[in-house]
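Input: a single structure, listed below in structure tokens.
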Number of protein chains: 2
Amino acid sequence: MKATVKIMLKNGVLDPQGKAIEHALGSLGFDGVDSVRQGKIIELDLAANTSEAQVKDMCEKLLANPVIEDYEILMVA
Amino acid sequence: MKATVKIMLKNGVLDPQGKAIEHALGSLGFDGVDSVRQGKIIELDLAANTSEAQVKDMCEKLLANPVIEDYEILMVA
């Protein structure tokens, strides 16, 4: 089975990468870009019996920094 | 309106970050992790009249490297 974990900085946490993209898009002439936030996506290929709780555990222990990041888990059978 | 761009390395392109995560999960005792791929997610807050073609243009010119990366655009009204 597969799991996809989407990790974004929490709202209110400064996102310098997102700001850099926002300015670069402006410099390239793309107007109307109000804000940009960048995050990570991690695709895990897992043994069939892996539970969502285990993936949550992976997020808390390694994949995300729960102090400054939010994560979303999507399990695909 | 909002657009989400998901950028992953193309299949066959070596993903050292993913490999590092895979090994770290193994070291932490998580079994059954067959493979891990890491990508980027970019959330854009756009002016209401922005078309998907414009977002595609942003991807080709700045957000993704189309030589080694695939991207997916999801427009949210």
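The values are calculated or read from the model by the stated rules, or taken from the named source; none is laboratory data. Source: prediction; values computed, not measured. All Cβ positions, even for glycine, are placed from backbone atoms using ideal geometry, and neighbour counts span all protein chains on display. Heavy atoms of the whole protein, side chains included, go into the accessibility calculation; ligands, DNA and RNA do not. Shrake-Rupley method; radii C 1.70, N 1.55, O 1.52, S 1.80 Å.
Conditions (1) open to solvent by 40 Å² or more (accessible area, probe 1.4 Å); (2) in a strand (DSSP E or B), marked per residue:
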{"site": "A:Ala3", "(1), (2)": "no, yes"}
{"site": "A:Met8", "(1), (2)": "no, yes"}
{"site": "A:Gly12", "(1), (2)": "yes, no"}
{"site": "A:Glu22", "(1), (2)": "no, no"}
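Quick one: which residue in B:Asp45, B:Asp34, B:Asp70 is open to solvent by 70 Å² or more (accessible area, probe 1.4 Å), touching a strand residue (DSSP E or B) at 6+ places or on another chain (Cβ under 9 Å) and facing chain A (nearest Cβ under 7 Å)?
Matching residue, one of B:Asp45, B:Asp34, B:Asp70: B:Asp34.
A:Asp57: more than 7 Å from every other protein chain (Cβ to nearest Cβ) and farther than 30 Å from B:Glu52 by Cα, yes or no?
yes
Please name all residue pairs, on different chains or six or more residues apart, with Cβ atoms under 8 Å, provided the first residue is in the range B:18-44 and is touching a residue at least 12 places away in the same chain (Cβ under 8 Å) and the second residue is assigned to a helix (DSSP H, G or I) and open to solvent by 20 Å² or more (accessible area, probe 1.4 Å).
Every condition considered, the pairs that remain are B:Ile21/A:Leu62; B:Ser35/B:Glu22; B:Val36/B:Lys19; B:Val36/B:Ile21; B:Val36/B:Glu22; B:Gln38/B:Gln17; B:Gln38/B:Ile21; B:Ile42/A:Ile21.
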